[in-house]
Structures are given as C-alpha cells and as structure tokens.
Amino acid sequence: MAMLPNPLPRLADDATGAALGLSLPPGKLVDTTGEGPWHEPLLWYAEGVAAPGTWAELLAGRSVGLLPVLIENDKAPGRKFTEWYLDPGQMSYPGDHDAEEYLAEIWTAYTADEDWDEEDLAQVLAPYGVDWPGMAPAPAFDADPDAFAAEVTADLVSSGRLDTPRAALVYARRSADIPAAMGWTGPVNHEDDMAVLSAVLRSWEDRFGLRVVALGFDTLTATVAAPPQTLEAAEAVAAEHFAFCPDNIAQGHHESLREYARKSLLGKPTWHFWWD
C-alpha cells in the first residue's frame with residue numbers, strides 16, 4: 001500500500017500542524033544526520049518534556065502518516081538527543097527482510113561463537129539447546145494496541161521510568177518502522193541496518209500488538225497488548241529476544257532465557273531492549 005507524502009516539511013510554515021489537523025506544542029523539525037543534513041525532515045521533536053497523555057494525543061498524526069514516539073534524553077555526555085548519530089542512509093526497507101530468517105541466522109551465529117564456554121552457554125540458553133527453536137506462536141487477543149499503548153505509556157511517563165522524555169512524530173508506515181525511518185542507530189554494535197530489526201518488530205506488532213513507544217540513545221521500549229501468559233510461551237518469546245538483543249540476557253543479569261522469560265516477559269505489558 002502506498003504511503004501518503006511526507007507531511008513533515010509542511011510544519012516548517014505551520015508550527016502547530018493546524019493544517020494537518022494537529023495541535024502541536026512548540027517544537028522543531030530535525031534533519032541532522034551524522035553525514036550532514038538529510039534531504040527532508042526525519043522527525044518533529046518537541047521542546048518541552050512530555051506529559052503522561054502526550055503520546056496518546058499525538059496519535060492524531062496517524063491520519064497524515066505521522067506516528068508518535070517518545071525520545072529519552074540521558075544526562076550522560078554524548079547521549080542527549082541533540083548528540084545522537086542518526087543515519088537514515090544506512091537503512092534499507094523493513095519489508096525486504098524476513099524476521100524468522102534473520103533471528104535464526106543471528107541465533108546460530110551467536111551460539112556458535114568460540115568465546116562461549118559450553119557450560120555457560122547451555123545455562124544461558126536453558127530451556128533450549130544451540131539449535132534455533134523457531135518463532136513463538138501468536139496468541140489470540142482483542143485489545144486495541146494503540147489504546148493499550150496509550151494507557152501504558154502514560155504510566156511510564158508519570159512513574160518516571162522514561163528519562164526526560166520528549167515527544168516526536170516520525171513519518172513511518174507503521175510503529176515498528178519508526179526506528180529505521182528516523183535513522184536511529186542505537187543497536188549499531190549489534191546490527192547497523194535498523195530496518196532488519198524493524199522487520200522483527202513488525203512480526204511482534206502482528207503477533208503481540210507491539211507498539212514502539214520510546215527510544216533512548218541505545219534503548220528501545222515497546223508496549224505489548226498481548227504479552228505471553230504462560231512460562232512456556234514466555235520462553236519462546238525470550239528466544240526471539242535473545243537473537244534480537246543478546247545484551248538483554250547475556251549482560252542483563254539473567255542466568256538463563258527461562259529466568260529472563262519469568263522476570264521480564266511473563267504477563268509484562270512492556271518490553272525493554274538495551275544494546276551495549
């Protein structure tokens with residue numbers, strides 16, 4: 001399906017987005033990349049800190065092809081949004097990649113790494129072995145992923161679990177594509193083409209009602225309308241997370257996929273990823 005034309009340039013002369021049916025707070029268009037100015041704006045970025053209801057309010061942008069995300073601003077040197085290295089020229093198209101093929105390839109490569117001690121690897125992979133276990137089945141659900149995301153994101157903001165979040169609107173086909181569309185390079189030490197990871201996010205969007213709601217310097221937070229409700233189902237998802245973001249488990253103080261599944265996935269409405 002063809003996308004609507006990018007409406008972000010229209011905000012240059014219409015700061016509130018009134019002509020697009022929006023009511024935006026003060027903000028600016030961002031076209032800065034690590035290689036110089038991009039040929040069109042990559043996102044609109046708010047000046048002020050987001051309120052609990054900000055993400056939900058920005059859902060109005062869907063009608064013109066703009067999707068909301070909250071940008072976290074880590075206070076550490078080099079990690080504020082104004083210092084991020086955006087690289088849209090590095091990104092391919094998410095629809096050109098197969099999520100399961102990619103995850104299986106990464107799982108196989110990661111578990112075959114000669115630096116692993118066999119006993120340590122067996123412990124981390126439990127309850128699985130070195131063979132790729134396949135994709136987790138899709139649960140049945142009837143929750144509205146956007147309405148669910150709005151509720152959960154409001155709680156993330158009000159509880160202070162997001163670091164100085166500011167609202168943004170990105171021209172993207174679907175929520176899973178937001179990181180690739182804006183040229184986000186948070187996982188660059190794991191994968192330099194974010195579109196491949198967006199293909200996985202698309203799969204989770206379809207199966208679990210995922211929405212990408214926040215991006216940090218090297219973190220991604222998503223809401224999940226249909227999280228796994230049994231340990232077995234959570235373990236199957238954990239295997240996918242291990243290939244998508246090995247650091248979540250290998251450096252995340254979890255002894256095994258089973259422990260990660262039990263503590264971080266079972267019935268949890270948010271998935272959080274961090275790449276070293």
Note to self: Here is a list: 219, 230. Which entry is open to solvent by 10 Å² or more (accessible area, probe 1.4 Å), out of contact with any strand residue (DSSP E or B) (no Cβ under 8 Å at 6 or more places or on another chain) and of a type in the set (S, T, N, Q)?
What the structure shows: 230
Notebook entry, point to check: Does any residue in segment 55-70 that is without any contact (Cβ under 8 Å) to a residue 60 or more places away in the chain come within less than 7 Å, Cβ to Cβ, of a residue that is outside any helix (DSSP H, G or I) and open to solvent by less than 30 Å² (accessible area, probe 1.4 Å) six or more places away or on a different chain, and which pairs are these?
Noted result: 60/22
Next item on the list: Considering only residues that are modelled with pLDDT of 95 or more and open to solvent by 10 Å² or more (accessible area, probe 1.4 Å), look in segment 264-276 and name the one that is farthest from residue 190 (Cα to Cα).
Entry: 267
Check: So which residues in segment 46-88 are of a type in the set (D, E, K, R) and outside any strand (DSSP E or B)?
Finding: 57, 62, 72, 74, 75, 79, 80, 83, 87
Checklist line | Cβ-Cβ under 6 Å pairs, at least 6 apart or on other chains, segment 247-276 side under 15 Å from residue 136 (Cβ atoms), far side at pLDDT below 95 and open to solvent by less than 20 Å² (accessible area, probe 1.4 Å) | finding: 260/249
Notebook entry, point to check: Could you say which residue among 246, 179 is modelled with pLDDT under 95 and open to solvent by less than 10 Å² (accessible area, probe 1.4 Å)?
Noted result: 246
Margin query: Pairs please, first residue from segment 15-36 and touching a residue at least 40 places away in the same chain (Cβ under 8 Å) and open to solvent by 40 Å² or more (accessible area, probe 1.4 Å), second anywhere and among the hydroxyl-bearing types (Ser, Thr, Tyr) and not in a strand (DSSP E or B), Cβ atoms under 9 Å, 6+ apart in sequence or on different chains.
Written below: 21/63; 25/16; 25/54; 32/82
Margin query: Against the conditions (1) touching a helix residue (DSSP H, G or I) at 6+ places or on another chain (Cβ under 8 Å); (2) within 24 Å of residue 222 (Cα to Cα); (3) buried (at least 18 other Cβ atoms within 10 Å of the Cβ), where does residue 7 fall short? Just the number, please.
Written below: (2)
Item checked: Filter result (among the hydroxyl-bearing types (Ser, Thr, Tyr) and free of Cβ contacts under 8 Å to residues at least 40 places away in the same chain) within segment 94-153 -> 108, 111
Notebook entry, point to check: So how many residues does segment 68-89 have that are touching a Ser or Thr at 6+ places or on another chain (Cβ under 8 Å) and over 17 Å from residue 156 (Cβ atoms)?
Noted result: 7
Item checked: Criterion: in a helix (DSSP H, G or I) and either surrounded by 17 or more Cβ atoms within 10 Å (Cβ to Cβ) or at pLDDT below 95 (or both) - qualifying residue of 255, 259 -> 259
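The values are calculated or read from the model by the stated rules, or taken from the named source; none is laboratory data. All figures in this text were calculated on a predicted structure; none of them were measured in a lab. Counting neighbours? That spans all protein chains shown, and the Cβs are built from the backbone with ideal geometry, glycine included. Each accessible area value is taken on the protein alone, full model and side chains, heavy atoms only, with ligands, DNA and RNA left out. Shrake-Rupley method; radii C 1.70, N 1.55, O 1.52, S 1.80 Å.
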